[in-house]
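What follows is one structure encoded as structure tokens, with my remarks underneath.
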């Protein structure tokens, strides 16, 4: 293709976006921002997106059958699962003006994900054990009512996604398929050029399962997720679920006498530690919660940590936790909010200690008295040594993986895929059962598996760029060759262009009448893997340069073609 | 592919929809209705859709460059063109629940067409005369807030469309490209198997142009459009714009004395004609309008015709017409609504006569007196012979093409594509100009060109089916061969399947353990062009049957393959 036929252009001096991917893809002419979180894919961008999706499709065809669902759905489908009210990114459509509203006042859901559509479709056609297992997938635009969308293609209000849904006669069969999906996903990211930097991280299973879900995360400084890797155990956790062991304190102080100290108006453990002239690690954060069952519990972590409510819920064994109201705090502690401690709580309040609170001598905690803190508190003297310490804090840098004691490597990453054992969450809502070999109705198990294809494009740019522009991996590059013709070599360039095309090589020929400098700078910005220059100097040869390297080389056209084809 | 791997099934006894295409496509397992006007494309359906879109894409690549725009747009873009308030099928998105609305209370337009997006994109990159002409196209879901959507894939709230937009430095250049687009469209419909039944009809140019737009219409009894064809002139009009010449009346009555007759409570020309004992053709419908300029005009057609306001606007030379209010009618006629006539109107009211009102002796018209009609009215006696007769009636069956006097063939058709000279409507709104060779700013001209790809799929089914099911044209069939294996011939079927696949032939193998009758009926319903049966009887041969025919033939597998490949 000739550059002049693209009818889009680079714009090196264009606007800088907050994200690298949006900035480079826009300046290089791959995408055009319609609004924050919604982009048009220009001819160059569509070529990359098509290549990404072709790879995804090729691997998904091995484990599922492709279809495409509608983007609109009646609200009734989303009412069946209760998600019409709970999915906080869900959008619906209404008439945009009075004439349209008069025409029809119906409201439709604009799907953010499609369990509500695929479950009844699967159910309509597959109800005998003989029909199982099976999986459907699609590649399609999805819509989310994001509050902020400043990460370019990494977080969209509209984005393209491959979503696969599998259906099974048992949890065992779901798990077996789930392993197959992991393999397929691993292959996808390898083929996309992200294999070396993409890990599978354990993440929350949500309400659907006690198990983890799995995220495919690509190491990326600009990613939105923080991962904790324990390399010796070959395990990676999303921060939201990472088990953690706080750095052990080696405290050799003598126990001192416990006392209550006034600390009016001191907010935060840092300020408190400074005020009390003790290390932050000796402060204790005690938070009161009310459980789904109506009980009040106290949870204590050492200063510097936050409580991870998801982890705490599992420790407590409840389905929901709410911060205790000011009245409840007052009732059980006798103090205003901010002064709760682990001493002398009424017996109705069960106290849970995070493991970070152990091994401390002369620690601080709230005095359960407004404006007062207890200091020089010690287990086994001022309160009984807890029978058990738990792990319900949010992991942080420096923490270790409890199973091995290895200090985690902590790094940022961008999620490029996730797989999720939904179990019977959606099939139960739709009453989807199958008839087993004995003629009995049995519940259907389900899994879902996503890859954001536009997001992958953004992550590729975040990973593969330098100060001059994008450096596409060859398998997703918009073209294999960027042919640059310099003044006076038009005929030779035309011949080279024809030869490359005849050899089936995708080539972008910069046929413009602009300076060599502009052409070279644009070639670097666009990032096609191989640049070939034809000029008066190159004669009947071409100058080869890899985008990622600086060396150039003079080659016969046939040699260049042969090298591209290997 | 094996039928058992589709995981969708035929359902011969399933629900009947109002449209043939929805009924057959659903029963055969190609589509699944999410709600009226929104469908999922199941594996079989997606294969057909992909083939249709591949043909469209192949032809569009010859006249444009592909990209894909966002489906969401900020309202501000639609405000620039004023269409946010005027497009009566436009939808917008809002948060679907309280949590989502709290997250973001932004509203976005869900595009029904994309002039508002492509114009600024084109403008961003192409502003010199050297950049022109060019065209961008995309294939993408579109959304329309339809009140009713009962024609299956022929009218969707969500549907897929190829939309192409071209940009030019002059109206002449636009027109030249427009002719190229006609050629490309003609090729598309030929390749889709609709060539013989698809005509190009003239339709309204809307506000954009005095010229017509062009619709590609496929003859189809269930189509929503009515076309008027004048074959000798090789011209076809959409009913909405068809010029018309009413059948000439040959009236040899002697003029009678004009009189006023009471006709209290008689509504409609049929009832009136019966009451007055005159033919309907002798009644006159006189309607009063107020023009954009504030004038009141009267328009008269003979009984049995309706006034076509679009045609009348051109005759009157105004941009809008509104039915005159009851007060205005009272003021100018002195009577209530329903008794306006062409006699004795105040001179401020210009009267326009449709050509259908000529050549009548002793005709009727309203008496401009409540409850009264004038009868035995005659031009040249009771009122002057009009200086000019116009054509502003809605054409109807029996009318002739005025240029040749040929009586139209009138038939129903389904629109499969349209092309539209937008001229400067959108470019002006966005201030899109280009710099000409003299350095002057000049307006950019624009055209748009649509093909509804899902609608094409529906039209194909409306055209190509019989009482047993669908009969796909081979170029869009989901598979080339439907292989049916009967009991005992599994090994031979596997071998045939392998041979067909090795030859690169797309084959659906019905590998189910069901009766031959079920398999044959399903094959007819699904409509793949060639059915091959392998049974104990066929030995090492296969039984060939074309879907559209009844004859069968025993062939060597190699001969069958050779025949498919020719």
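All of the numbers you see were taken from the coordinates with simple rules; none came from a lab. Keep in mind that what you see is a predicted model, and the values were worked out from it rather than measured. Cβ placement follows ideal geometry from the backbone for every residue including glycine, while neighbour counts extend to all protein chains displayed.
Structure notes:
- Take the Cβ atoms of residue B:554 and residue A:127, set R0 to 30 Å, and the FRET efficiency comes out at 0.20.
- Taking all Cα pairs closer than 8 Å and separated by 6 or more residues, the relative contact order of the stretch A:234-368 comes to 31 percent.
- Seen through its C-alpha gyration tensor, with square-root eigenvalues sorted a ≥ b ≥ c, the stretch B:219-320 comes out oblate because a/c lies at 1.5 or above while a/b is not bigger than b/c.
- Per residue of peptide A:25-38, the mean number of Cβ atoms on other chains within 10 Å of the residue Cβ is 4.
- Inter-copy spacing of residue B:57 label points, which lie 7 Å from Cα along Cα→Cβ, given in nm from shortest upward: 0.6
- Computed E for residue A:150/residue A:86 - FRET, C-beta separation, R0 25 angstrom, nearest 0.05: 0.50
- Each peptide in B:555-564, A:441-450 gets a packing score, the mean of other Cβ atoms within 10 Å over its residues, and the list from highest to lowest is A:441-450, B:555-564.
- Each copy carries residue A:347; placing its label point 7 Å along the C-beta direction from Cα gives inter-copy distances of 11.0 nm, listed from smallest up.
- Kirkwood-Stokes translational diffusion coefficient of chain A, alpha-carbon pairs, 4 °C, 1.567 mPa s, µm²/s: 47 µm²/s
- FRET E, pair residue A:351, residue A:410, Förster distance 22 Å, beta-carbon r, rounded to 0.05: 0.15
- Using alpha-carbon coordinates, inclination of helix B:490-502 to the longest axis of chain B, degrees: 70 degrees
- Spin-label pair residue A:546/residue A:253, simplified geometry with 7 Å Cα→Cβ offset, distance in nm: 5.8 nm
- Whole-number percent relative contact order across the stretch A:479-565, with pairs defined as alpha carbons under 8 Å at least 6 apart: 32 percent
- Our note on the geometry: Cα centres of the stretch A:243-308 and the stretch B:444-472, 69 Å apart.
- Distance from the alpha carbon centroid of the stretch B:44-82 to that of the stretch A:313-381 works out to 60 angstrom.
- Placing dummy labels 7 Å off each Cα toward the beta-carbon, the span from residue B:565 to residue A:503 is 2.9 nm.
- Model label points for residue A:57 and residue A:382, set 7 angstrom from Cα along the Cα-to-Cβ axis, are 6.7 nm apart.
- Each listed q (0.12, 0.20, 0.23 Å⁻¹) maps to a log10 I(q)/I(0) for the stretch A:34-150, found by the Debye formula over equal Cα scatterers with no solvent: -0.63, -1.25, -1.31.
- Convex hull volume of the stretch A:479-565 per residue (C-alpha atoms, cubic angstrom): 82 Å³
- The ellipsoid that matches the Cα gyration tensor of the stretch A:413-518 has semi-axes, each √(5λ) in whole angstrom, of 54, 19, 9, with the longest given first.
- Neighbour counts of other Cβ atoms within 10 Å put A:330, B:162 in the fewest-to-most order A:330, B:162.
- Where N is the number of residues in the stretch B:119-208, Cα Rg divided by 2.2 N^0.38 Å: 1.34
- Relative contact order (percent, whole number), chain A, Cα cutoff 8 Å, 6+ residue spacing: 18 percent
- Partner shielding of B:144-153 amounts to 3, given as the average count of beta-carbon atoms from other chains within 10 Å of each residue beta-carbon.
- Globularity ratio of the stretch A:259-390, using Cα Rg and 2.2 N^0.38 Å: 0.98
- Inter-part distance where the stretch A:518-540 and the stretch A:118-185 are each reduced to a Cα centre, Å: 42 Å
- Each helix, a run of at least 4 DSSP H residues, gives -39500 (n - 2.57); summed and divided by the residues of chain A, these come to -7500 deg cm²/dmol at 222 nm.
- For residue A:277, label point 7 Å along C-beta direction: distances to other copies, nm: 12.4
- Here the alpha carbons of the protein assembly as shown define both size measures, Rg and Dmax, at 36.8, 132 Å.
- Rounded to two decimals, the Cα radius of gyration of the stretch B:246-305 over 2.2 N^0.38 Å is 1.37.
- Put in line by how crowded their Cβ is, counting other Cβ atoms within 10 Å and starting with the fewest, A:507, A:534 read A:507, A:534.
- Sorted by Cβ neighbour density within 10 Å, fewest at the top, the residues B:264, B:198: B:264, B:198
- The mean count of C-beta atoms from other chains within 10 Å of the C-beta of residues in B:69-80, rounded to a whole number, is 5.
- Angle in degrees between helix A:43-60 and the longest Cα principal axis of chain A, rounded to the nearest 10: 60 degrees
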